[in-house]
Amino acid sequence: MTNEYLKKPMPSEEKQHDFYQKLRIKVQDWVNSKPGLVGTVSGYVLFAPDLFHLLTRLMLDSRIDAKSKAAVGAGIMYFIAPIDFLPEILVGPGGFLDDVVVAVFVINTILNKFPTEVITEHWTGDENLLSLVKKVSNSGNKYVSKLPAGRLVKRFTK
């Protein structure tokens with residue numbers, strides 16, 4: 001990635017919203033096509049677009065300090081990395097499951113550092129963010145430290 005690429009302006013709000021909506025539809029269609037999929041797993045995958053959106057909004061929030069933004073950036077990079085624990089290219093939207101766990105780990109870390117309102121004002125998901133974080137954390141935190149982004153996030157948050 002060159003410095004020129006990093007200097008490009010963010011896509012317009014409309015383009016960001018369109019991407020977000022298309023991703024939500026793609027994930028929902030995938031979940032609907034997997035009737036035998038365990039309900040909890042598919043439920044977590046459905047939150048991937050919302051969590052990615054939240055992370056990107058937190059990166060733009062001036063109230064979030066640079067050290068915390070580094071952790072948020074690690075979460076975003078895990079989402080967009082072509083190779084991760086469950087690569088989307090191989091398993092489709094089901095590959096977002098590990099991304100969700102990493103994102104929740106990052107968000108939980110940020111929630112412990114900033115007032116809840118700073119984070120929840122960026123949340124666009126249908127479920128209560130704090131309930132989601134608690135639910136995913138209870139089932140996923142034991143695995144996140146084994147993932148590369150999880151180790152990176154822990155390094156930034158110590």
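Neighbouring Cβ atoms within 10 Å as the yardstick, rank Asp126, Asp98 fewest first.
On the way: Asp126 10, Asp98 24.
So the residues, fewest neighbours to most, are Asp126, Asp98.
Taking K and R as +1 and D and E as -1, what net charge do the other residues with C-beta under 14 Å from the C-beta of His122 add up to? List each step's numbers first, then the result.
Details: positive: Arg57, Arg63, Lys69; negative: Glu13, Asp50, Asp61, Glu117, Glu121.
After counting each charged neighbour, the total is -2.
Coordinate-derived values only; no laboratory data. A quick note: this is a predicted structure, and the numbers were derived from the prediction, not measured. Don't worry about glycine lacking a Cβ; one is built from the backbone with ideal geometry, like all the others, and counts go over all protein chains shown.
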